[in-house]
Amino acid sequence: MEQSKPAARPRPQVMSITDAAAARVREIIANSDKPLLGVRVGVKNAGCAGMSYTMEFAEEIGKYDEVVEDKGVKIVVDPKAIMFLLGTQMDFRTEKLSATFVFNNPNQTSACGCGESVAITPANEENASA
């Protein structure tokens, strides 16, 4: 008799997105001159705190990209950024003199004074499976 394997536990979403961020992504896609699937999010080494978030238009999905579909939009996560972005919420804030995407990241340990870069500790396996 063949033993059945236990059902695989669904993978948690790498990121979530607020209503405001989803609305802004939909607006970006609607106003684009070329077809977009969504936005691509990642991190890069930069600034005095060590890393900064990156965003660009997502025209295609790479083989190893993580795709987050939330509130009717697609966020494509660079595979090198997944462990840095686990549990992050992407928001869009409009203030008197600026409007910007904001990343509420539980893995962020500090930020530089000018707000251009952050220190991020990769999520460990315990936090990733929570």
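Here is a check on your reading of the model: is M55 within 21 Å of A23 (Cβ to Cβ), assigned to a strand (DSSP E or B), hydrophobic (A, V, I, L, M, F, W, C) and modelled with pLDDT under 95? Criteria met by M55. The residues of region 82-102 include none that are among the small types (G, A, S) and crowded, with 18+ Cβ neighbours inside 10 Å.
As a summary of the residue check, M15 satisfies the conditions (1) farther than 13 Å from L85 by Cβ; (2) at pLDDT 90 or above; (3) of a type in the set (A, V, I, L, M) except for the one numbered (1). Does T121 satisfy being over 13 Å from M15 (Cβ atoms) and modelled with pLDDT of 85 or more? Here the answer is no, as T121 does not meet what is asked. Does any residue of region 18-37 turn out to be surrounded by 17 or more Cβ atoms within 10 Å (Cβ to Cβ), modelled with pLDDT of 85 or more, within 14 Å of the chain's Cα centre (by Cα) and in a strand (DSSP E or B)? No: region 18-37 contains no residue that is surrounded by 17 or more Cβ atoms within 10 Å (Cβ to Cβ), modelled with pLDDT of 85 or more, within 14 Å of the chain's Cα centre (by Cα) and in a strand (DSSP E or B).
The values are calculated or read from the model by the stated rules, or taken from the named source; none is laboratory data. The model shown is predicted, which means the values in this text are computed figures rather than measured ones. For neighbour counting, all protein chains shown are included, and Cβ atoms are generated from backbone atoms with ideal geometry for every residue, glycine included.
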